[in-house]
Amino acid sequence: MKFFIFRNNTLENIFGTDEVEYSGYEDISYIPQNTSLYLWMYQIPIRWNQKQLADEIDAYIRKMQLVFSQVPQGKEFVAFTLVDIFPTRFTDANFIVREAIVRYNTQLYNMAGTNVNFKVIDFSEFTSRYRSEELIGWKFYFISQMYISSKITSEFATWVDSKIQNIALKRKKCLILDLDNTLWGGVLGEEGINGIQIGGDYPGKAFLYFQEALSALSKEGIILSVCSKNNEEDVFDAWEQNPFMVLRKKDFVAIRINWNDKASNIVELSKELNIGLDSMVFIDDNPAERELVKQTLPMVAVPDFPKQAYMLPQFFMQLVRDYFEVYEITGEDKKKTEQYKANAERTREAKFLNFEDFLRSLEIKIELQKVDSFNISRIAQMTQKTNQFNLTTQRYSEADVRQLLDNQWKIYCIRVSDKFGDNGITGAVFIADNSIENILLSCRILGKGIETAFIKFVFKLLVEDGVSALEAKFIPTLKNRQVADFYDRLGFSVMRVEEGVKYYMANIDKLDLSIPDYYSITVKQ
């Protein structure tokens, strides 16, 4: 991703120069139009005159507003808050600079609340980790106006990268949890239901806090699953009978409680949930179990578990920062647990010898929607996160999608439900003029022919609007091989292949656009 950074001091030591372009110090005369992301990172200069410094901060607000007014609406603009990491006031009662900082940061939050392409990164989240003398490297400040000490630039670069990833809505999907000495203290098979440590005094209180935190995380769209060496019946009894349990059987989407090796169990969980191993995080107190998974399944994230229970709150927040934090949570995210539970039920329901009978039994409903203010965030999120069924893997921010609409693109999405529940918005197609720019579907609805029914229905609408021919392309990646022949199966003809990219053409009014009657398709008005 290419950045353009507006700044008032040296930042090359933090962001580097690859794919990054910088303004001059406090220079807003040049605003490029071809960058992917604009960053605004002004920092409080060292000034002894408090009135002058406050006026300077107020001027930064006006500069930032002017720049943002000239940024293309389809581009993301990310601003860092101001933090006074080296206060220069002479009296405790002098609040003039503090008040200016509050005005500046409040303006950022107000702009983020009224502009979908304006995002805010709280700089204090990083600076609060260090003392003032650790944050500033005075030698390089005077030599080259380098504000952040070279001793912590690598930590800052890592933090900033994670924040940019959060804005792009990229995070892990599933947390796989051990039980003994992980969700509670002690070994259930030895201590029994009433002997394990959960609730009450320490360490049980720490495990209770951990379970409460995990429960809150699941409500933000993270899938919880269990992988434990235990007797399944004992665990089920503990979940049902121990009054201090926060997480119980109903809170876990998929469960593997047996004596098989955990790497094999995790592979099975991945298949059951229909998500990639690289979307999973494995938590276990046993270092031998963690090492097995690290060696066998390097795609799975395996953080070290704290040695003491009192470190669990800190461990949980690190989990969130490293794997699950995003800039904002969509309504679809909050339904993830129930949606994946229902998907597991569908998998277990697949007992019919005739696959069509199975699909008919699901009572699949597909609602076609045009992009609107209610679904645009979810559509942008899908472009960032969908990999398996993604014909070009083109990523779009919410602002990008709005820009595409302004450019007269046709963008449709689908909401899919069946007798087990509502999967929410799980598919989208992007069409510019007579070209399909991308088709994508969430992995949780694959394997039911929904993708073909969806696209054929869209083709029917296009034909009714007078469109007879469409172009398309497939761009291969390591993860989307399963859809390499999707256009071929629809009846498109390959026109050429260049560097692995396949270019297609079809007269859609001549294609077979019949859709089986076990799909109920409606258009949202």
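Compute, for residue 253, the solvent-accessible surface of its heavy atoms (probe 1.4 Å) with the complete set of protein chains present, and express it in square angstrom to the nearest 10.
Number for this one is 10 Å².
Kindly report, to the nearest 10 Å², the accessible surface of residue 503 as traced by a 1.4 Å probe over protein heavy atoms only.
60 Å²
In what order, largest first, do 248, 7, 129 sit by accessible area if the probe radius is 1.4 Å?
In descending accessible area the options line up as 129, 248, 7.
At 1.4 Å probe size, put 259, 409 in order of accessible surface, largest to smallest.
I get 259, 409, largest accessible area first.
Please arrange 310, 504 by accessible surface area, largest first, computed with a 1.4 Å probe and ligands excluded.
Accessible-area ranking of 310, 504, largest first: 310, 504.
Run the dipole for the range 9-64 about the Cα centre, Lys and Arg Cβ at +1, Asp and Glu Cβ at -1, nothing else charged, and hand back the magnitude in debye, nearest 20.
320 debye
Using Cα pairs closer than 8 Å and at least 6 residues apart in sequence, work out the relative contact order for the chain, in percent.
Once normalised by length, the contact order is 11 percent.
Considering only protein heavy atoms and a probe of 1.4 Å, how much of the accessible area of the range 377-525 is carbon and sulfur, as a whole percent?
46 percent
Could you grab the relative contact order for the range 7-49? Cα pairs under 8 Å, six or more apart, rounded to a whole percent.
54 percent
Between 146, 283, 320, whose Cα lies farthest towards the positive end of the dipole of the chain when Lys and Arg beta carbons carry +1 and Asp and Glu beta carbons carry -1, centred on the Cα centre?
146
Under unit Cβ charges (Lys, Arg +1; Asp, Glu -1), what dipole magnitude, rounded to 20 debye, does the range 125-272 have relative to its Cα centre?
900 debye
Got a sec? Charge dipole of the chain, +1 on Cβ for Lys and Arg, -1 for Asp and Glu; which of 96, 177, 246 is way out at the positive end?
96
Let me cross-check residue 261: its accessible surface, 1.4 Å probe, with only protein heavy atoms counted, in Å² to the nearest 10?
The accessible area comes out at roughly 70 Å².
Express in nm, to one decimal, how much length is gained between residue 268 and residue 17 on full extension, taking 0.36 nm for each residue of separation and deducting their alpha carbon distance.
86.0 nm
Looking at the range 161-250, what % of the alpha carbon pairs are farther apart than 21 Å?
Roughly 35 percent, once rounded to a whole number.
At a threshold of 8 angstrom on Cα-Cα distance, excluding pairs fewer than six apart, so keeping six or more, what relative contact order does the range 1-134 reach in percent?
24 percent
For the chain, what is the calculated [θ] at 222 nm in deg cm²/dmol (nearest 500), taking -39500 (n - 2.57) for each run of four or more DSSP H residues and dividing by its residue count?
Value at 222 nm, helices only, nearest 500: -11000 deg cm²/dmol.
Using the heavy atoms of the protein chains alone and a 1.4 angstrom probe, what is the accessible area of the range 143-235 per residue in square angstrom?
Here the per-residue accessible area is 39 Å².
Taking only protein heavy atoms and a 1.4 Å probe, what accessible area per residue, in Å², does the range 409-475 have with all protein chains in place?
Computed with neighbouring chains in place, this is 29 Å² per residue.
Rounded to the nearest percent, how much of the accessible area of the range 15-77 (1.4 Å probe, protein heavy atoms only) is carbon and sulfur?
Of all accessible area on the range 15-77, carbon and sulfur atoms account for 48 percent.
The values are calculated or read from the model by the stated rules, or taken from the named source; none is laboratory data. Remember, predicted model here, so these are calculated numbers, not experimental data. Ideal geometry is used to build each Cβ from the backbone, glycine not excepted, and the neighbour counts take in all protein chains shown. Ligands, DNA and RNA are stripped out before the accessible areas are found, and what is left, the full protein with its side chains, is counted by its heavy atoms. Shrake-Rupley method; radii C 1.70, N 1.55, O 1.52, S 1.80 Å.
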